[in-house]
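The values are calculated or read from the model by the stated rules, or taken from the named source; none is laboratory data. Note that the coordinates shown come from a computational prediction; the quantities given were computed from them, not determined experimentally. Glycine also receives a Cβ, built like all others from the backbone with ideal geometry; neighbour counts cover every protein chain displayed. In case anyone asks, the SASA skips ligands and DNA or RNA and just uses the protein heavy atoms, side chains included. Shrake-Rupley method; radii C 1.70, N 1.55, O 1.52, S 1.80 Å.
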Amino acid sequence: TVLRVTVTTSLAVPGSVGDLAQQRTASEAARRAVYEMMAQECRSMSEAFKADCRIASVNATTSMQARHAGSEGIQVNGTGTFELTGRPN
């Protein structure tokens, strides 16, 4: 039996997004944070459900947030789909 679980998260990562290089660096860091969160989520579910966990898919999207001075950064949204299967006894 396979249990599919979907987890969604949203983060605001502060930082300067003034030029393209800064935007690219901040965006990569924000997506990496989502990937790391999803990997940790799989480990947590594996322990909680006493099951093997496999990440079936991860989607991470970023957008620049530069409303006014002092509130710049990246908004990142992430969705992970996991498959949990029973462990042999």
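Structural remarks
- Positions within the stretch 37-80 being open to solvent by less than 40 Å² (accessible area, probe 1.4 Å), closer than 30 Å to Val17 by Cα, in contact (Cβ under 8 Å) with a residue 40 or more places away in the chain and in a strand (DSSP E or B), in sequence order: Gly73, Ile74, Val76, Gly78, Gly80
- Selected residue [surrounded by 13 or more Cβ atoms within 10 Å (Cβ to Cβ) and in contact with a strand residue (DSSP E or B) (Cβ under 6 Å, 6 or more places away or on another chain)] from Val2, Val17: Val17
- Residues of the stretch 1-53 satisfying the condition of being over 17 Å from Ser71 (Cβ atoms), among the hydrophobic types (A, V, I, L, M, F, W, C) and over 17 Å from the mean Cα position of the chain (by Cα): Val2, Leu3, Leu20, Ala21, Ala48, Phe49, Ala51
- For the stretch 37-45, the criterion of being polar (S, T, N, Q) and over 26 Å from Arg87 (Cβ atoms) is met by none of the residues.
- Every residue from the stretch 1-36 that is assigned to a strand (DSSP E or B) and of a type in the set (Gly, Ala, Ser): Ser10, Ala12
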